[in-house]
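Novice: Provided herewith is a single structure, encoded as structure tokens, for subsequent inquiry.
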Amino acid sequence: MKPLHTILQGLPCDVDGPSDVMITDIVFDSRKVTPSALFVALRGAHQDGHAHVSAAVKAGAKAVLVEENVAADGVTRVRVADTLKALSHVSVLFWDHPSGKLRMVGITGTNGKTTTSYLIESIFSAAGWPTGVMGTINYRLGDTSTPAPNTTPFASELQRFLSSIVDKGAKACVMEVSSHALELGRVEGVDFDTAIFTNLTQDHLDFHKTMEAYAAAKTKLFSSLTMKSPKEYPKCAVLNADDPWSEKIASIVKVPILRYRLHASADFYTKGLVCDAMGSRFELHTPVGHRPVNFPLLGDYNVMNALAAAAAAVSQGVALDAVVKGLEKIHGVPGRMESISSPRGFTVVVDYAHTDDALRQVMTALKKLKPKHLITVFGCGGDRDRTKRPLMGEAAAQLSDEVIVTSDNPRSEDPAKITLDVEVGVRRIRTEGYQIILDRESAIKQAFSIAQAGDIVLLAGKGHENYQILKDRTIPFDDREVARRLVKTSG
């Protein structure tokens, strides 16, 4: 609980009403208003919070933060130019700058954020640091987790979570930082200590429009790093030297940089890399020494994630032995290369790959296992970047023996039209050896019906998700559960 004026300090605003009212919470959803809360009216793609100010007041809000001169009888009205930015400002002050009490690691990039966050969590645990994680799958500390509605939540929910884990004894937090969150200012006021760039490939162009704008959003995480922080922890940027966008980021970084790459010399790299069905084995080379690593995860791209995690950990002073221990004890990441065995001798792999680059990386890793056939089932999300659909179709057709195009999360779009966009790319490579089956469960069932012993069936795109978003409703759907059920009845 804080007086309103204390969380408005430094915020350009016009206050109409008492500024000493006590605020007990900050919310942007009028349905979640509690007595004496501050309601922040945000403009969204489908809703405008200004239309819900009266409902928030009736629910007990003591003050409202708005951009418009809306009626707010009986409560304090605070008017600002941009409520989204103001939400970050007041949230940081309300929850007492919780990021200043944690080692903060932010991860941005098109692919690899989730796995890298799990790896850093494992390493920090091996170092004895209780670590909170915010990302695509959930927000968690230890065994306590909540579902993640967004990869990076709105500022009030972000600061609330950071404050809660500080209270529970966390020493660090690892956060996936999406380009949307960076562009919309959700992480303003978060004092990051280490920032990681994994890679940049085409995605989210429905929002950013161009790759240059997409890259510029990612760069904001690194421009926020400063040696002037009051925190005692080291500051560092960790960059993927195998990705050409890294040099653009490096040009604006004002803190020390650690670079990693798979094979060639860098601050962190591997020698003697071998990947097989048992995982990956390599010698990890770092500025503080080298060690052999038996890494349970499969694929060159996961080894790159391991290098990023190792660099971030070392940047924060973790001993190399703890780094290796953390990498070796990871048991997998939900919806990332999760395998399910069939009684008929084929293997099902469920993965979240939903860009053409991610799909190529996963299929390349699976091809190294030398399956008799690789059968790929995937779709593309609706109301998202249309330009990547043919690219994903092309990737699947190039690397799979059989392709089944199906529905992903069509949202408001017609699933049949989405698959037509995908088919354009498939037909650049082949005119046969593919099928279109709109119903996702039927597509999976068809893949299992043609699979033989020694084959791999890849179910790509949804990974850990346990739902499917349709035009008029959201239904339960989990590729992993469907696969486990169908392999028992597929013969």
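Novice: Starting from the stretch 26-46, keep only residues that are on the phi > 0 side of the Ramachandran plot, then list their pairs with residues that are open to solvent by 10 Å² or more (accessible area, probe 1.4 Å) and acidic (Asp, Glu) whose Cβ atoms are within a distance under 8 Å, requiring at least 6 positions of separation or different chains.
Specialist: 36/25
Novice: Quick check on the stretch 305-324. Is at least one of its residues of a type in the set (D, E, K, R), in contact with a Leu (Cβ under 8 Å, 6 or more places away or on another chain) and on the phi < 0 side of the Ramachandran plot? Even if it seems obvious, please write down each step before you answer.
Specialist: Here is the first cut: in the stretch 305-324, the residues of a type in the set (D, E, K, R) are 321.
Now restrict to residues that are in contact with a Leu (Cβ under 8 Å, 6 or more places away or on another chain): none.
Scanning the stretch 305-324 turns up no residue that is of a type in the set (D, E, K, R), in contact with a Leu (Cβ under 8 Å, 6 or more places away or on another chain) and on the phi < 0 side of the Ramachandran plot.
Novice: For the list (1) aliphatic (A, V, I, L, M); (2) under 22 Å from residue 183 (Cβ atoms); (3) not in a helix (DSSP H, G or I), I need the number of the one condition that residue 258 fails.
Specialist: (2)
Novice: Of all residues in the stretch 71-113 being at pLDDT 95 or above, of a type outside the set (D, E, K, R) and more than 20 Å from residue 12 (Cα to Cα), which is surrounded by the fewest Cβ atoms within 10 Å (Cβ to Cβ)?
Specialist: Out of the qualifying residues, it is 100.
Novice: Residue 453: more than 28 Å from the chain's Cα centre (by Cα) and closer than 29 Å to residue 274 by Cβ, yes or no?
Specialist: For residue 453, the condition - more than 28 Å from the chain's Cα centre (by Cα) and closer than 29 Å to residue 274 by Cβ - is met.
Novice: Hey, another quick one. Against the condition under 26 Å from residue 449 (Cβ atoms) and either out of contact with any Cys (no Cβ under 6 Å at 6 or more places or on another chain) or touching a residue at least 12 places away in the same chain (Cβ under 8 Å) (or both), how does residue 374 come out, does it pass?
Specialist: In short, yes.
Novice: Of (1) at pLDDT below 95; (2) under 23 Å from residue 262 (Cβ atoms); (3) of a type in the set (S, T, N, Q); (4) over 20 Å from the mean Cα position of the chain (by Cα), residue 361 satisfies all except one. Which?
Specialist: (4)
Novice: If you check 375, 450, 436, which single one turns out to be modelled with pLDDT of 95 or more, more than 29 Å from residue 138 (Cα to Cα) and open to solvent by less than 10 Å² (accessible area, probe 1.4 Å)?
Specialist: Exactly one residue qualifies, and that residue is 375.
Novice: Given the criteria more than 24 Å from the chain's Cα centre (by Cα), among the aliphatic types (A, V, I, L, M) and part of a loop (DSSP other than H, G, I, E, B), does residue 420 qualify?
Specialist: no
Novice: Got a number for residues in the stretch 378-396 being part of a helix (DSSP H, G or I) and over 29 Å from residue 275 (Cα atoms)?
Specialist: 2
Novice: Considering only residues that are aliphatic (A, V, I, L, M) and at pLDDT below 95, which ones fall in the stretch 275-295?
Specialist: 277, 278
Novice: Among 489, 474, 406, which is the only one that is crowded, with 19+ Cβ neighbours inside 10 Å and on the phi < 0 side of the Ramachandran plot?
Specialist: 406 is the lone residue from the list that is crowded, with 19+ Cβ neighbours inside 10 Å and on the phi < 0 side of the Ramachandran plot.
Novice: Go through the stretch 434-491 and tell me which strands (runs of 3 or more DSSP E), entirely inside it, have 2 or more residues that are touching a residue at least 60 places away in the same chain (Cβ under 8 Å).
Specialist: Per the criteria, 456-460, 467-469.
Novice: Are any residues in the stretch 114-155 part of a helix (DSSP H, G or I), open to solvent by less than 40 Å² (accessible area, probe 1.4 Å) and more than 19 Å from residue 351 (Cα to Cα), and if so, which ones? Don't jump to the end; show me each part of the working.
Specialist: Taking the stretch 114-155 first, the residues part of a helix (DSSP H, G or I) are 114-126, 155.
Checking the rest, the ones that are also open to solvent by less than 40 Å² (accessible area, probe 1.4 Å) come to 114-124, 126, 155.
Matches in the stretch 114-155: 120, 121, 122, 123, 124, 126, 155.
Novice: If you check 258, 200, 284, 239, which single one turns out to be in contact with a Cys (Cβ under 8 Å, 6 or more places away or on another chain) and over 30 Å from residue 96 (Cα atoms)?
Specialist: The conditions single out 258.
Each row is one residue, and each column tells you yes or no for (1) without any contact (Cβ under 8 Å) to a residue 12 or more places away in the chain; (2) under 23 Å from residue 115 (Cα atoms); (3) buried (at least 23 other Cβ atoms within 10 Å of the Cβ).
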residue	(1), (2), (3)
166	no, no, no
169	no, no, no
181	no, yes, yes
190	no, yes, yes
215	no, yes, no
224	no, no, no
241	no, yes, no
244	yes, yes, no
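Novice: Go over the candidates 321, 267 one by one and state the one that is at pLDDT 95 or above, open to solvent by 50 Å² or more (accessible area, probe 1.4 Å), touching a Pro at 6+ places or on another chain (Cβ under 6 Å) and over 24 Å from residue 364 (Cα atoms).
Specialist: Just a single option satisfies the conditions, and that option is 267.
Novice: Can you tell me how many residues in the stretch 271-285 are more than 17 Å from residue 332 (Cβ to Cβ), out of contact with any Leu (no Cβ under 6 Å at 6 or more places or on another chain) and crowded, with 20+ Cβ neighbours inside 10 Å?
Specialist: Qualifying residue count for the region: 1.
Novice: Would you check which residues across the stretch 44-70 are open to solvent by 50 Å² or more (accessible area, probe 1.4 Å) and touching a helix residue (DSSP H, G or I) at 6+ places or on another chain (Cβ under 7 Å) and list them?
Specialist: 52, 68, listed by residue number.
The values are calculated or read from the model by the stated rules, or taken from the named source; none is laboratory data. Treat the numbers as computed from the prediction; the structure is a model and nothing was measured. With ideal geometry, Cβ positions are generated from the backbone for all residues, glycine too; neighbour counts draw on all protein chains shown. Each accessible area value is taken on the protein alone, full model and side chains, heavy atoms only, with ligands, DNA and RNA left out. Shrake-Rupley method; radii C 1.70, N 1.55, O 1.52, S 1.80 Å.
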